[in-house]
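Here is the structure we will look at, set down as structure tokens.
The values are calculated or read from the model by the stated rules, or taken from the named source; none is laboratory data. Note that the coordinates shown come from a computational prediction; the quantities given were computed from them, not determined experimentally. Using ideal geometry, Cβ is built from the backbone for each residue, glycine included, and neighbour counts are taken over all protein chains shown.
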Amino acid sequence: MASQKLTSLVTLLCLISLSHCRDIEREMTVEVKAGTQECFYENVKAGETIDVEYQVIDGGQGDLDINFIISSPTGAVLVQDLRRADGNHRTTMSEEGDYRICWDNTFSHFNSKTVFFGVVIENENEDDEDLWDDGFDSSVTAEDIYEMKVEDIKDAMDRIRNHLTKSRFLQDQLRAFEARDRNVAENNYTKVNFWSTVNIVIMLCTGIIQVILLRSLFDDKSRLHGLWKKGTASTFS
């Protein structure tokens, strides 16, 4: 009896896992070159939901912005963001096919953009009753199902799975924010160092020129001293 219950429990756990096999989760960091766009295709069934969250973590020497587009299999634009630094879109699709997800950087002529994004495809209306019924009654009695509290197990696993998924996405989002802030700080540091160096060089050159000019006023052998004399003579004449 115990081994039968154990086998039934394993069967239930397998069925619960299979009930979520369609869910797709992807995370990626992509670099979009200046004047180009990067597109990804996802095959989605009717009634499924695409959840896309993105943010620009590095904009080179430019701003942290990019265009974002989701297009249907027929080419119709479903979602569009213009010059956004981040975004989060959840869309339920009405037709089956390959949906295009694009990040467009064609408006930038020099600066490439680095984008971190996550894509989740799930079916919120998926009916799992067939999985419970198909080939299940022959091995497990109603009493066994009642004793093992199948629904409680299923609900607990769903809650754990959802909490783990949300925690992972939150951690990835925090890492992306940290990467973006670090890139902004490093770019500002580079700019400050560059312009500080330029200012120091200009100040040194200006100081050297001033010293040379002052010394030429009192040095008879200096070539500039002769020019000073000629300028003074032409002025008084």
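Key figures
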{"item": "Qualifying residue in segment 76-83 (condition: free of Cβ contacts under 8 Å to residues at least 12 places away in the same chain and at negative phi)", "result": "yes"}
{"item": "Residue within segment 47-67 that is in a strand (DSSP E or B), touching a Phe, Trp or Tyr at 6+ places or on another chain (Cβ under 7 Å) and farther than 29 Å from ASP181 by Cα present", "result": "no"}
{"item": "Selection within segment 83-135 - part of a strand (DSSP E or B), of a type in the set (Asp, Glu) and at pLDDT below 90", "result": "ASP86, GLU122"}
{"item": "Subset of segment 52-73 [among the charged types (D, E, K, R) and either out of contact with any Ser or Thr (no Cβ under 8 Å at 6 or more places or on another chain) or more than 12 Å from VAL32 (Cβ to Cβ) (or both)]", "result": "GLU53, ASP63, ASP65"}
{"item": "Number of the exception - PRO73 against (1) in contact with a Gly (Cβ under 6 Å, 6 or more places away or on another chain); (2) free of Cβ contacts under 8 Å to residues at least 60 places away in the same chain; (3) in a strand (DSSP E or B)", "result": "(3)"}
{"item": "Unique residue being within 20 Å of TYR41 (Cβ to Cβ) and of a type outside the set (Ser, Thr, Tyr) when the list is GLY87, GLY62", "result": "GLY87"}
{"item": "Candidates ARG161, ARG175, ARG215 - the one that is of a type in the set (Lys, Arg), at pLDDT 75 or above and within 30 Å of GLY62 (Cα to Cα)", "result": "ARG175"}
{"item": "Test: residue in segment 56-64 that is within 24 Å of LEU174 (Cβ to Cβ), buried (at least 17 other Cβ atoms within 10 Å of the Cβ) and touching a Gly at 6+ places or on another chain (Cβ under 9 Å)", "result": "no"}
{"item": "When residues of segment 20-34 are limited to those that are loosely packed, with under 13 Cβ neighbours inside 10 Å and modelled with pLDDT under 85, the one farthest from the chain's Cα centre (by Cα)", "result": "CYS21"}
{"item": "Residue in segment 182-195 that is at pLDDT 85 or above and closer than 30 Å to GLY75 by Cα present", "result": "no"}
{"item": "Count of residues meeting criterion [over 16 Å from VAL120 (Cβ atoms) and surrounded by 14 or more Cβ atoms within 10 Å (Cβ to Cβ)] in segment 87-100", "result": "2"}
